[in-house]
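Before any comments, here is the structure.
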Amino acid sequence: MPQKANILLVDDRDENLTALEAILTSLDQNLVRANSGEAALKALLEDEFAVILLDVVMPGMDGFETASHIKQREKTKDVPIIFLTGAGIDRHRVFRGYASRAIDYLTKPFDPWVLRSKVEVFVELHQIKQRLRTQSQMLQRDLAAETGEAAAPVAEQLSRRVADITANLESLRERIVTEEHDSDPSTIEAVRDLDRSVARLTTLVDAIRGPQ
């Protein structure tokens, strides 16, 4: 069974937090409350979260300012945020500066099914990332046991060699393209086989290196 994910709920009104919990309880994950932007930032220092549901209109530090602090921290900059906005909030303001940082939004009153579906996707992505991290650590331990060396230096050496092979393969592909009428079909098929093998090798090296 995958480890339960932490979901951070940020709203200054208790009734809104209770409503969010009622919507998301069927996902069977850990729901963590924060009643202010400051409390949210403190919670993010203590635990790892799959997704943050962040109310925009709050006294003191509002949702936009809170999100700005979250995205400036190395530890939390990639945590997805779903803004819960009022109908009068400018959508362009929601996305400004955050387009590449997996930020989404829902306008109140929102559809509970839509909210649950969005959160579920981020939870699944988080759990996939955790599994990859675990598999990478196991692979690194196995490699170290086999070779007697740390996995990282070995992975870097493999990565450089794969890059060299890829460069040579690219040169070979270019020659085949420019000399297509003279190319033996068996040679073309051999290059395609090499392409597939190099792709699998690249995937293996990335797994040994672990999440970057």
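What to note about this one:
- All positions within region 51-65 that are open to solvent by less than 30 Å² (accessible area, probe 1.4 Å) and either over 23 Å from A19 (Cβ atoms) or in contact with a strand residue (DSSP E or B) (Cβ under 6 Å, 6 or more places away or on another chain) (or both): V51, I52, L53, L54, D55, V56, G63
- Residue ranges of strands (runs of 3 or more DSSP E) in region 15-110 with at least 1 members modelled with pLDDT under 95, under 18 Å from the mean Cα position of the chain (by Cα) and not hydrophobic (A, V, I, L, M, F, W, C): 103-107
- Test set (1) over 21 Å from W113 (Cα atoms); (2) without any contact (Cβ under 8 Å) to a residue 60 or more places away in the chain - I52 fails condition number: (1)
- Within region 8-41, the only residue that satisfies the criterion of being touching a residue at least 60 places away in the same chain (Cβ under 8 Å), open to solvent by 30 Å² or more (accessible area, probe 1.4 Å) and closer than 20 Å to T76 by Cβ is Q29.
- Whichever residue in region 102-117 is among the aliphatic types (A, V, I, L, M), surrounded by 15 or more Cβ atoms within 10 Å (Cβ to Cβ) and free of Cβ contacts under 8 Å to residues at least 60 places away in the same chain and, among such residues, is farthest from N16 (Cα to Cα): I103
The values are calculated or read from the model by the stated rules, or taken from the named source; none is laboratory data. Because the structure is predicted, anything quoted here is derived from the model rather than measured. Counting neighbours? That spans all protein chains shown, and the Cβs are built from the backbone with ideal geometry, glycine included. What goes into the accessible areas is simple: the full protein's heavy atoms, side chains included, and nothing from ligands, DNA or RNA. Shrake-Rupley method; radii C 1.70, N 1.55, O 1.52, S 1.80 Å.
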